[in-house]
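Reading through the structure tokens given below for one structure.
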Amino acid sequence: MDIQWYPGHMKKTKNILKENINLVKVVIELLDARVPLSSQNPDLKDLTGNKKRVIVLNKADLAEDHHTDAWVNYFKEEGYPAVPVSSVKGHGIKQLKAILGNYKAPSSKGKRPTRAMVIGVPNVGKSSFINSMAKKSAAKIGGVPGVTRGKQWIKIPPWIELLDTPGILWPKIESQYMAFNLAITGAIKFELLDYEDLAYRLLEFLSREKPEYLTARYKLKKIPASGELLKQIGINRGLLRTGGEVDTLKASEIILKEFRDGLLGKITLEHLS
Ligand SMILES: Nc1nc2c(ncn2[C@@H]2O[C@H](COP(=O)(O)OP(=O)(O)O)[C@@H](O)[C@H]2O)c(=O)[nH]1
Ligand SMILES: [Mg+2]
């Protein structure tokens, strides 16, 4: 499999940051708690200069807590406060606000807002996060990445202001492993990668790390050989084409969707050590 990536995306990342960085005091970097490093753009350090950066491990409700804790420590050792958050459940928001409180200008006496921008790869949950911070449906969720027009700020009382247009940070895909992680979690479009390839890769991981999730979800007596697993899941789900052939493409789509919706269980794909 060849990883094609668009150089234009990197330029876009840089432009978004250049346009907005001087408006804010803090950059809130959203990472996917299931694939923290794969969803991080390693160039961000250069792009944000001396700005304070706080890391949000979003979708923590879909990741394994002990792995998330390890990642929090990892980023703290790198010098960045990190907080596990579930934007859909509103978990971790309070802790994050407390951390942002540390960046409040001492001279402002609460009058001047602390401005922050939210950045992250597509689908990491930027809009959901902003809504969760604002406790209302202000930013559009799930839409196509739009163009930044006039700057709008969302007030988070009493003293935080978030730029309402999140910065879409294109990931820097440095390996096939990262590309798979990003594709499996839904950050990059599937058209770039083959569905069945992705499903195979995910099933390989799950067979090794979480066989009990697979047997439970797909009603398998045991895990068959890797070449047979996808087919067996298709059979168990009744995904047969006319003629009796197993529809492995449909099976792949279902497995990926169920993983992304958290239906198999809490699963962290990227582990430390
Ligand atoms: N389970 C879970 N899903 C989330 C979370 N945050 C966002 N999502 C979902 O991820 C998808 C993309 O979210 P969105 O906010 O549009 O991402 P954006 O592209 O970064 O703005 C949506 O289906 C959200 O419901 C989270 O913390 N937990
Ligand atoms: Mg969005």
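Express the Stokes-Einstein translational diffusion coefficient of region 194-260 in µm² s⁻¹, to the nearest whole number, given a Kirkwood radius over alpha-carbon pairs, 4 °C and a viscosity of 1.567 mPa s.
My calculation gives 110 µm²/s for D.
Rounded to the nearest 10 degrees, what's the angle between the helix 195-209 long axis and the longest principal axis of the chain, both from Cα atoms, 0 to 90?
Roughly 90 degrees between the two axes.
Please report the equivalent ellipsoid semi-axes of the chain, computed as sqrt(5 x eigenvalue) of the Cα gyration tensor, largest first, in whole Å.
37, 19, 17
Explain nothing, just the number: dipole magnitude of the chain about its Cα centre with +1 on each Lys and Arg Cβ and -1 on each Asp and Glu Cβ, in debye rounded to the nearest 20.
Computed about the Cα centre, the dipole is about 1640 debye.
Using a Gaussian network for the chain with springs between C-alpha atoms less than 10 Å apart, which of these wobbles most: A116, A82, A105?
For the chain, modelled as a Gaussian network with Cα springs under 10 Å, the answer is A105.
Evaluate E = 1/(1 + (r/R0)^6) for K97 and T242, where r is the Cβ-Cβ distance and R0 equals 41 Å; express this FRET efficiency to the nearest 0.05.
Approximately 0.15, to the nearest 0.05.
Which length gain, in nm to one decimal place, applies between A225 and R260 when the Cα-Cα distance is subtracted from 0.36 nm times their residue separation?
Net length gain for the segment: 10.2 nm.
Provide the gained length on full extension for the span K45 to E174, in nm with one decimal, where the gain is 0.36 nm per separating residue minus the Cα-Cα distance.
So the extension gain works out to 44.8 nm.
For K76 and T215 in the same chain, what is the full-extension length gain: residue separation times 0.36 nm, less their Cα-Cα distance, in nm?
Full extension from K76 to T215 adds 46.4 nm.
Which residue, A216, A134, A60, tops the fluctuation ranking in a GNM of the chain built on C-alpha contacts under 10 Å?
So, out of A216, A134, A60, the one fluctuating most is A216.
Cα convex hull of region 160-221: how many Å³ per residue?
Spelled out: Cα convex hull of region 160-221, divided by residues, is 160 Å³.
Most fluctuating residue of V246, V72, V85 in a GNM of the chain with Cα springs under 10 Å: which is it?
V246
For region 7-168, what ratio Rg/Rh do Cα atoms give with a Kirkwood hydrodynamic radius?
0.93
For the chain, which span is the longest to avoid every loop-located (per DSSP) member of trypsin sites (Lys or Arg not before Pro) having at most 13 other Cβ atoms inside 10 Å?
1-88
Have a look at T242, H9, V83 and report the one farthest towards the positive end of the charge dipole of the chain, computed about the Cα centre with Cβ charges (Lys/Arg +1, Asp/Glu -1).
V83
For each pair in K97/K151; K25/K76; K172/K231; K14/K155; K12/K151, compute the distance between the two Cα atoms and list the pairs where it is over 28 Å.
K172/K231
Values quoted throughout were computed directly from the atomic coordinates according to the rules given, and no laboratory measurement underlies them. Bear in mind the structure is a predicted one, so any value in this text is a computation, not a measurement. All Cβ positions, even for glycine, are placed from backbone atoms using ideal geometry, and neighbour counts span all protein chains on display.
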